[in-house]
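Quick notes on the structure that follows.
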Amino acid sequence: MSYRKALLFQDSSVNFLKFISSCALLAITLAAPARTLSANELPNSDIESQVASTIRQHFETRVPESRVNVTVNPINRTLSLTPCQSALQIELPFSGGERVTAKVSCASPRPWSIFVTARVQQFIAVVTARRPITRDSRIGGDALALSEQNITRLSGGYYTRLQDVLGKTARVPIDNGEIITARVLEPSLAVRRGDRITLEVRKGALLIRTDAIALEDGRLNEQIDVQNRNSGRQVRGTVTAPGIVTLY
């Protein structure tokens, strides 16, 4: 055999061996089972999504028609959680202001639980001051507006309807744009000193009404002195409605 033919034969043998090796590797690869993620194996991102959904539903139930933003802090990626074969149980044991902590638990096949924290913002239109309001002034409609605010920062006592604030008195000065809360208001006077009012006398099923003069300012459910206009007699009764004082 010539030298040239020997080289050609050697190259053909090497290529054939490479082809056989590639086919064997392909067969092994195809035979090996693929590692797929079952429907019951939840990546951390899916757990975070379920936590966000649970928190959002909780806050929307408490305040319907509000807009809720939930930002879940990422779960530690180094945690090795056993794939859960049952529905996750999510509880919200801790909630203070914008910070919420959710407890996520799995029952089977191997029980585990973790705590996931999140930041919540809940927006709704509340009553605010359209302009500065002075102390002891009676609040009218021109001083009020509805403005969307994050109520998770509020301790409560805010108003969502203008009519709930109209007519009340400012207990302290209120700044322009300030959220109107119960602590800055006091009920308006239902009876003012010198007003002509209706004096009601109730005795069982009997009700007697007569005219009287208020001798003091009075708010609802407060007791004040009044004077019967007919007899001139002074009595003490309870303010039960604007312009009405009742004796029981």
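The table that follows gives values for the structure above.
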{"quantity": "Difference of contour (0.36 nm per residue) and Cα-Cα distance, Ser147 to Ile114", "calculated": "8.1 nm"}
{"quantity": "Segment 123-186: relative contact order in percent, alpha carbon pairs under 8 Å with at least 6 residues between", "calculated": "45"}
{"quantity": "Packing rank of 151-158, 77-84, 177-184, where each peptide gets the mean count of other beta carbons within 10 Å, highest leading", "calculated": "177-184, 151-158, 77-84"}
{"quantity": "Cα-projected label distance for Ser188 with Glu91, points at 7 Å along beta-carbon direction, nm", "calculated": "4.8"}
{"quantity": "Net charge of Cβ neighbours under 14 Å - reference Arg77; Lys, Arg +1; Asp, Glu -1", "calculated": "-2"}
{"quantity": "Calculated from backbone phi, Karplus (6.51, -1.76, 1.60) coupling profile of segment 92-98 in Hz, x at Gly/Pro", "calculated": "10, x, 10, 8, x, x, 7"}
{"quantity": "Estimated D of segment 123-186 in µm² per second, where Rh is the Kirkwood radius over Cα pairs and Stokes-Einstein applies at 37 °C, 0.692 mPa s", "calculated": "288"}
{"quantity": "Length gained when the stretch Asp175-Gln227 is fully extended (0.36 nm per residue, less Cα-Cα span)", "calculated": "14.7 nm"}
{"quantity": "Inter-label distance for Leu166 and Gln234, nm, one decimal - labels placed 7 Å from Cα along Cα-to-Cβ", "calculated": "3.8"}
{"quantity": "Segment 75-100-segment 234-248 distance, computed between alpha-carbon centres (Å)", "calculated": "58"}
{"quantity": "Rough spin-label spacing in nm, given labels placed 7 Å along Cα→Cβ, for Asp136 and Glu60", "calculated": "4.9"}
{"quantity": "Global geometry of segment 44-121, whether rounded, prolate or oblate, following the gyration tensor of its Cα atoms and the 1.5 cut on a/c", "calculated": "prolate"}
{"quantity": "Efficiency of FRET between Asp217 and Ser105 - r from beta-carbon atoms, R0 51 angstrom, step 0.05", "calculated": "0.30"}
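Bear in mind that the values in this text are calculations on the coordinates, not laboratory data. Nothing here was measured: the structure is a model prediction, and the numbers come from that model. Cβ sites come from the backbone with ideal geometry, for glycine too, and all protein chains shown count toward neighbours.
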